[in-house]
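Asks: Here's a structure for you.
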Amino acid sequence: MKNKLAIHGGPSIVPDGLKNIWPEITQADKDAVLGVLESNILTGGVHGPEAAELETEWARYNDSKFALAFNSGTAALHTALFAAGVEPGDEVITSAFSFSGSYNPVLQQHAIPIFVDIDPRTFNLDVNQIENKITSRTKVIMPVHIHGLPADMDEVCSLAEKHRLVVVEDACQAHGATYKGKNAGTIGDMGCFSLNATKNLSGGEGGLMLTDNDAYVSRAKMFRTFGEKEGDEQDKFRSYESHTMGYNYRLQELPAAFTRSQLKRLSDYNEIAVRNGNYLSEELGKIHGLIPPYVPSDRTTLYHKYRLCFDPEALGLTIPATVFRNRLVDALEAEGVATCLWQTKPMPAYRIFQSLDSDYGTGHPWRSPFYDEDIRYDPEEYPETSRVLDTSLCVNTEKHAITVQSLETMELYVAAFHKVFDNLDLLMD
Ligand SMILES: Cc1ncc(COP(=O)(O)O)c(C=O)c1O
């Protein structure tokens, strides 16, 4: 009776209310936000003081020359693509496994995303498949440091150098992760981060960009603020004149202040995530058929999502892997383990790429005058992404990130896995 699975009416392993909620909001965070309200400065004509301070602090944290703040990671990526000179009809090479926030900025620039399958060990784009996707239209390679693990940046950067391409890192999940001692987002030409509430550095919503290049900074600043040239004079002598088409991508003061307060604890959160992730890998790796995430020795991860794979053959599955995966999620969740899938297919299999349709209704940008290739996105071209997603789950949810859980909770997670895997035959009925 003691071992009866919780989905079958048995007691759960992880008690209700034990899991901590992400993001953690402290009194200091509340004081920071209240401080903004009391100051009565909610934004700047060009940029507010909290956003400006956040830029200074983020540049310092990453040992980068410049940081720019935005109202989302998507806005930061869109701006970086503009700064890189991406124009309608250009191609941007990126990973087939990410979030729509990676390819939408490409489409927003009326450019064409070209997807690369993943390396099934790191879940990052397979650098061996990049070169034969490069054409005369390619402008940017955009590696995504998925789940907080940096991509193979040496290979990405040397291909970019060889073909004179710009590297824009999608570091939206990788705040403070390192590759050969350098922070993610500082290795390519520009690196972009999300401050969405689920991220290790949270502002509710928001984004950041890093670069060492002055020219990219001035193009990015124009794009962020209505195409205006931001001068040192800021508000007083603001000209209001647009020099290019621009957006309103400025970060507001309330999330900027909240992010600055959270940034003081980012390294601590990352340490907790690494401790918990390593512990899970050590313990869950002992369960036959489970494959913990791989972290090459030259880089660190944040386990922004802790993705655990299973081997259908080793487990002797008698049902399709995806059916088993979903039952496993249900069983673990009933035991109180925070689990989710987070993406179920390669992004090129999404409807937008299958119908080559979009909100424009005319098949833009694929059938625009700027692009005369007959492009097709074949989901079969990304077998490793499909296989990984069919045979894995994430041991955390947006609300219950491992970034903020105690070791005791991780021990109970492991106990729950053992309980479920001791009763595996029940999931295959
Ligand atoms: C890998 C990746 N790229 C881009 C984004 C877009 O960031 P945002 O949601 O802040 O626009 C996200 C986050 O949601 C992400 O996880």
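Asks: Kindly provide the set of residues from the stretch 35-72 that are within 22 Å of the chain's Cα centre (by Cα), more than 25 Å from Y240 (Cα to Cα) and surrounded by 14 or more Cβ atoms within 10 Å (Cβ to Cβ), ordered by number.
Replies: E57, W58, A59, Y61, N62, S64
Asks: Which one is farthest from the chain's Cα centre (by Cα), of the residues in the stretch 1-32 that are surrounded by 19 or more Cβ atoms within 10 Å (Cβ to Cβ) and under 20 Å from G204 (Cα atoms)?
Replies: Only one residue fits best here, namely A32.
Asks: If I filter the stretch 251-265 for residues that are among the hydroxyl-bearing types (S, T, Y), out of contact with any Phe, Trp or Tyr (no Cβ under 8 Å at 6 or more places or on another chain), surrounded by 13 or more Cβ atoms within 10 Å (Cβ to Cβ) and not assigned by TED's automatic domain parsing to the domain that holds H418, do I get at least one hit?
Replies: Checking the stretch 251-265: at least one residue is among the hydroxyl-bearing types (S, T, Y), out of contact with any Phe, Trp or Tyr (no Cβ under 8 Å at 6 or more places or on another chain), surrounded by 13 or more Cβ atoms within 10 Å (Cβ to Cβ) and not assigned by TED's automatic domain parsing to the domain that holds H418.
Asks: Further question on the same structure: Which residue, of F258, F310, is away from the ligand (no atom under 16 Å from the Cβ) and hydrophobic (A, V, I, L, M, F, W, C)?
Replies: Exactly one of F258, F310 is away from the ligand (no atom under 16 Å from the Cβ) and hydrophobic (A, V, I, L, M, F, W, C), namely F310.
Asks: Which one of these is out of contact with any strand residue (DSSP E or B) (no Cβ under 8 Å at 6 or more places or on another chain) and either assigned by TED's automatic domain parsing to the domain that holds H243 or modelled with pLDDT of 95 or more (or both): E91, E131, E87?
Replies: Within the list E91, E131, E87, the selection yields E131.
Asks: Okay, moving on. Look at the stretch 169-198 and say how many of its residues are touching a residue at least 40 places away in the same chain (Cβ under 8 Å), more than 18 Å from T259 (Cβ to Cβ) and within 15 Å of the ligand (Cβ to nearest atom).
Replies: 3
Asks: Okay, moving on. I'm trying to understand the selection: among the residues of the stretch 176-192, which are closer than 16 Å to G73 by Cα, part of a loop (DSSP other than H, G, I, E, B) and touching a helix residue (DSSP H, G or I) at 6+ places or on another chain (Cβ under 6 Å)?
Replies: Answer for the stretch 176-192, where residues must be closer than 16 Å to G73 by Cα, part of a loop (DSSP other than H, G, I, E, B) and touching a helix residue (DSSP H, G or I) at 6+ places or on another chain (Cβ under 6 Å): just G176.
Asks: With respect to T259, determine if the residue is part of a helix (DSSP H, G or I) and within 21 Å of the chain's Cα centre (by Cα).
Replies: Here the answer is yes, as T259 does meet what is asked.
Asks: Hey, any hits in the stretch 240-252 for a residue that's closer than 26 Å to F99 by Cβ, touching a residue at least 12 places away in the same chain (Cβ under 8 Å) and of a type in the set (A, V, I, L, M, F, W, C)?
Replies: yes
Asks: Under 7 Å between Cβ atoms, which residue pairs at least 6 apart in sequence (or on different chains) link something in the stretch 309-337 that is modelled with pLDDT of 95 or more with a partner that is acidic (D, E) and not in a loop (DSSP other than H, G, I, E, B)?
Replies: A321/D390; T322/D390; R325/D390
Asks: Return yes or no: is D16 under 30 Å from G188 (Cα atoms), in a loop (DSSP other than H, G, I, E, B) and not small (G, A, S)?
Replies: no
Asks: Take Y247 and decide whether it is touching a Phe, Trp or Tyr at 6+ places or on another chain (Cβ under 7 Å), farther than 30 Å from V388 by Cα and surrounded by fewer than 19 Cβ atoms within 10 Å (Cβ to Cβ).
Replies: Here the answer is yes, as Y247 does meet what is asked.
Results for (1) within 16 Å of P348 (Cβ to Cβ); (2) away from the ligand (no atom under 12 Å from the Cβ); (3) surrounded by 19 or more Cβ atoms within 10 Å (Cβ to Cβ); (4) of a type outside the set (K, R), shown as yes or no for each residue.
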site	(1), (2), (3), (4)
I93	yes, yes, yes, yes
A96	yes, yes, yes, yes
V116	yes, yes, yes, yes
N124	no, no, yes, yes
V127	no, yes, yes, yes
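Asks: Just to check your reading of the model, which residue among E253, E169 is farther than 30 Å from S297 by Cα and among the acidic types (D, E)?
Replies: One residue alone meets the criteria, E253.
Asks: So, in the stretch 129-159, of the ones that are among the hydroxyl-bearing types (S, T, Y) and without any contact (Cβ under 8 Å) to a residue 24 or more places away in the chain, which residue ends up nearest to the ligand (Cβ to nearest atom)?
Replies: So the residue we want is S158.
Per-residue answers, yes or no, for (1) at pLDDT 95 or above; (2) under 30 Å from P49 (Cα atoms); (3) of a type in the set (S, T, Y):
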| residue | (1), (2), (3) |
| --- | --- |
| G231 | no, yes, no |
| R238 | no, yes, no |
| S242 | no, yes, yes |
| Y249 | yes, yes, yes |
| L254 | yes, yes, no |
| T259 | yes, yes, yes |
| R275 | yes, no, no |
| I287 | yes, no, no |
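The values are calculated or read from the model by the stated rules, or taken from the named source; none is laboratory data. Every value quoted in this text rests on a predicted model; they were computed, and no experiment measured them. Glycine gets a Cβ as well: all are built from the backbone with ideal geometry, and neighbour counts include every protein chain shown.
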